[in-house]
Amino acid sequence: MQSPERLITFLSDFGTSDGYVASVKGVIATAAPRARVVDACHHIAPQDVLSAAYVLSTYWRHYPQGTVHLAVVDPGVGSQRQILAATVEGHLFVAPDNGLLSYVFREGAFSAYCLEDERLHLRNISQTFHGRDIMGPLAAYLACGGSVQAVGPAITAPVVLDGLEASRDECGVLHGQIVHIDHFGNAISNIRSEMLRGSKDFSVEIGGRRLDGVFDYYVQAGWGRPAALLGSSGHLEIAVPGGSAARELGIRSGATLRVMAL
């Protein structure tokens, strides 16, 4: 009896104004017609691997074990970078080895394998579209019950991005950076809730502005007022309730911030 085909989540920076997403989904549908593909997000800023890594970290645990998570933000497409199949806590992942799985690997014990079995590719490969020709077929193979260990050799040191972790200096000041700008213009940092040690008595300096206090929810700070709060992912973020922090404060991905006790 054949194994039931699994869920596949699909994250990319392909956008939806071209046929790239549809091409990958067509390849998956041909190879794994009973698999169900969930469009996680296709509007990651182009080539922003750190943002993609963060976004992937916000949703993968909400799916059942056995789900295949396909993530394609691949500025090194066609180069010698590897393509990975990995497992973390019963979930399966397919992504380029460029740091996209950094947060996932930090969150649980992982096993990762470098794809070498060319039988898992499409026959004709474009060097500019490995998402369609290599990673899509690999995700379909895993969704059909294929063995992740069979794709190629195990690797113990996949690429991990800089900027995942905030730091604390000798004076107790937290130094972080913005890792993602969401659809609402909220600027999400790499400072996690546990680094605040249960206190809300902090000031945040970013973009030449100082924001006092960490709020529980958006409108608690007042409409139109820039505020710091802990978002649903457990990361400190900067928001403007009823507006866009990114636009109104000029914050971009990669912007630095400091957090100090009041």
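The values are calculated or read from the model by the stated rules, or taken from the named source; none is laboratory data. What you see is a predicted model, and the numbers here were worked out from it, not measured in a lab. Here the Cβ positions follow ideal geometry from the backbone for every residue, glycine too, while neighbour counts run over all protein chains shown. When the accessible area is computed, the model is the full protein with side chains, heavy atoms only, and any ligands, DNA or RNA have been set aside. Shrake-Rupley method; radii C 1.70, N 1.55, O 1.52, S 1.80 Å.
Conditions tested, residue by residue: (1) exposed (fewer than 15 other Cβ atoms within 10 Å of the Cβ); (2) among the acidic types (Asp, Glu); (3) under 20 Å from Ile44 (Cβ atoms); (4) modelled with pLDDT under 95.
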position: Ala71; (1), (2), (3), (4): no, no, yes, no
position: Gly78; (1), (2), (3), (4): yes, no, yes, yes
position: Glu89; (1), (2), (3), (4): yes, yes, no, no
position: Leu92; (1), (2), (3), (4): no, no, no, no
position: Pro96; (1), (2), (3), (4): no, no, yes, no
position: Leu101; (1), (2), (3), (4): no, no, yes, no
position: Val104; (1), (2), (3), (4): no, no, yes, no
position: Tyr113; (1), (2), (3), (4): no, no, no, no
position: Asn124; (1), (2), (3), (4): yes, no, no, yes
Selection within the stretch 198-215 - touching a residue at least 60 places away in the same chain (Cβ under 8 Å) and either assigned to a loop (DSSP other than H, G, I, E, B) or of a type in the set (A, V, I, L, M) (or both): Ser199, Asp201
Among the candidates Arg258, Arg252, residue that is assigned to a loop (DSSP other than H, G, I, E, B), farther than 25 Å from His62 by Cβ and either in contact with a strand residue (DSSP E or B) (Cβ under 8 Å, 6 or more places away or on another chain) or hydroxyl-bearing (Ser, Thr, Tyr) (or both): Arg252
Subset of the stretch 8-28 that is of a type in the set (A, V, I, L, M) and surrounded by 15 or more Cβ atoms within 10 Å (Cβ to Cβ) - its residue that is farthest from the chain's Cα centre (by Cα): Val27
Close pairs from the stretch 116-132: first under 18 Å from Ala29 (Cα atoms), partner open to solvent by less than 100 Å² (accessible area, probe 1.4 Å) and assigned to a loop (DSSP other than H, G, I, E, B), Cβ under 6 Å, at least 6 apart: His130/Val77
For Pro137: the one exception among (1) modelled with pLDDT under 95; (2) over 18 Å from the mean Cα position of the chain (by Cα); (3) not charged (D, E, K, R): (1)
Hits in the stretch 230-248 - residues which are buried (at least 21 other Cβ atoms within 10 Å of the Cβ) and either aliphatic (A, V, I, L, M) or in contact with a helix residue (DSSP H, G or I) (Cβ under 7 Å, 6 or more places away or on another chain) (or both): Leu236, Ile238, Ala239, Val240, Ala245, Ala246
Residue match in the stretch 168-190 (condition: part of a helix (DSSP H, G or I) and not aromatic (Phe, Trp, Tyr)): no
Failed item, numbered, when Thr16 is tested on (1) touching a helix residue (DSSP H, G or I) at 6+ places or on another chain (Cβ under 7 Å); (2) β-branched (Val, Ile, Thr); (3) part of a loop (DSSP other than H, G, I, E, B): (1)
Residue pairs meeting the criteria (Cβ under 9 Å; at least 6 apart or on separate chains; first within 11 Å of Asp117 (Cβ to Cβ), in the stretch 139-153; second assigned to a loop (DSSP other than H, G, I, E, B) and hydrophobic (A, V, I, L, M, F, W, C)): Tyr141/Ala32; Val151/Leu115; Gly152/Leu115
